[in-house]
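Comments concern the structure below.
The values are calculated or read from the model by the stated rules, or taken from the named source; none is laboratory data. Since we're looking at a predicted model, the values are computed, not measured. All Cβ positions, even for glycine, are placed from backbone atoms using ideal geometry, and neighbour counts span all protein chains on display.
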Amino acid sequence: MRIVYHLGAHCTDDERLIRCLWKNRDILGAQGIVVPPPTRYRSLLRDTAVTLKGRAASRDTQAVVLDQIMEEERADRLILSWDNFLSYPQWVIRSRRLYPAAAERIRAFTQIFPEIEAEFHMAIRSPASFLPALHSRLNGKSFEEAMGGADPMDISWFRLVEEVRTLNPDANLTIWCDEDTPLIWPEVLQAVSGHSPGTLLEDTDQLLVELMSPDGIERMRAYLSANPPASVTQRRRIVSAFLDKFALTDQIDMELDLPGWDEDLVDRLEENYRNDIARIRATPGVTFLDP
């Protein structure tokens, strides 16, 4: 069995992935892929990790925890998702770093099931939009308080990945850019669930429904039905074309009204993000999902 952790990050997925996989749990279950309800494992895993204090769980403890998570006798893949696995939003930025506890948290989760192979999946997002979105979730906090003294230019996804890989050299990481998710959503679902090629999942276009006008989404569905794409690349081109024409700009464009922010800072943040992506893509042990 493999345990698959979907880690978010915050302000990227907003529970879309687990909702989609939960709706398709019967289809996936027939392939040995178990999608338990989140209420069965989220607090349980955090509490268990705290209790273990970095020690490996005994086989009895592992059996008890698994019994509380899943009702099935066995599974090939067990899918667990929560954007608070690595941190609650108020602690995402501390010590001038992004998710400073991530490496230790991942280590702690692997110690709950030390004999079971684990995978970790996460979307990253440009700090130029990630930081304002994160701040919007911290009600009552100023942007300076949310940043914890960190300079926006200090925020690095590569540093996070590097720290995780250093402490967890055997951890399998799959990373993708949140900005690319509308184009690669079927591939993201497949990477996390591991379902067989050709499996038809239901309600896989919810993200596009949120980004596109009702008329546009209906036209796209009709076009894809009448002209099934011959490849992943062709499907992405079709989706991209419909997004260009029918995207809801208020869902895609973000107003940046933060103290000291200007176009020059945003450009520099975007450049740092592109550099981070290149370095993450080249990191051993990381699978990067490209559009």
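Counting only residues that are basic (K, R) and on the phi > 0 side of the Ramachandran plot, region 35-84 holds 1 of them.
Here is a list: Q206, Q190. Which entry is of a type outside the set (A, V, I, L, M), modelled with pLDDT under 90 and out of contact with any strand residue (DSSP E or B) (no Cβ under 9 Å at 6 or more places or on another chain)?
Details: Q190 fails: modelled with pLDDT under 90.
The unique qualifying residue is Q206.
Region 95-165 holds helices (runs of 4 or more DSSP H) entirely within its bounds, and those carrying 1 or more residues that are within 21 Å of the chain's Cα centre (by Cα), among the acidic types (D, E) and farther than 13 Å from C11 by Cα map to 102-112.
Per this entry, L167 is not counted among residues that are among the hydrophobic types (A, V, I, L, M, F, W, C), touching a helix residue (DSSP H, G or I) at 6+ places or on another chain (Cβ under 9 Å) and either under 29 Å from L208 (Cβ atoms) or modelled with pLDDT under 95 (or both).
Within region 107-124, being surrounded by 15 or more Cβ atoms within 10 Å (Cβ to Cβ) and more than 17 Å from L44 (Cβ to Cβ) holds for R107, E119, F120, H121, M122, A123, I124. Is there a residue in region 138-148 that is of a type in the set (F, W, Y) and at pLDDT below 95? Yes, there is a match, as at least one residue in region 138-148 is of a type in the set (F, W, Y) and at pLDDT below 95. Checking H121, H135 one by one, the residue that is touching a Phe, Trp or Tyr at 6+ places or on another chain (Cβ under 8 Å) and either among the acidic types (D, E) or modelled with pLDDT under 95 (or both) is H135 and no other. For region 55-91, a residue qualifies if it is assigned to a loop (DSSP other than H, G, I, E, B) and either under 29 Å from L134 (Cα atoms) or of a type in the set (D, E) (or both), and the qualifying residues are E71, E72, E73, D76, W82, D83, N84, F85, L86, S87, Y88.
Table: residues versus (1) touching a residue at least 60 places away in the same chain (Cβ under 8 Å); (2) surrounded by fewer than 18 Cβ atoms within 10 Å (Cβ to Cβ).
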position	(1), (2)
P169	yes, yes
T174	yes, no
T181	yes, no
W185	no, no
H195	yes, no
G198	no, yes
Q206	yes, yes
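Can you give me the number of residues within region 174-223 that are under 24 Å from T283 (Cβ atoms) and either assigned to a helix (DSSP H, G or I) or hydroxyl-bearing (S, T, Y) (or both)? Going through region 174-223 one residue at a time, the tally reaches 15.
Here P38 meets each of (1) without any contact (Cβ under 8 Å) to a residue 60 or more places away in the chain; (2) over 17 Å from the mean Cα position of the chain (by Cα) with one exception, condition (2). Filtered by the rule that a residue be surrounded by fewer than 16 Cβ atoms within 10 Å (Cβ to Cβ) and not in a helix (DSSP H, G or I), region 12-31 gives D14, E15, A30, Q31. Within region 224-232, is even one residue assigned to a loop (DSSP other than H, G, I, E, B), on the phi < 0 side of the Ramachandran plot and either buried (at least 18 other Cβ atoms within 10 Å of the Cβ) or in contact with a strand residue (DSSP E or B) (Cβ under 9 Å, 6 or more places away or on another chain) (or both)? Taking every residue of region 224-232 in turn, none turns out to be assigned to a loop (DSSP other than H, G, I, E, B), on the phi < 0 side of the Ramachandran plot and either buried (at least 18 other Cβ atoms within 10 Å of the Cβ) or in contact with a strand residue (DSSP E or B) (Cβ under 9 Å, 6 or more places away or on another chain) (or both).
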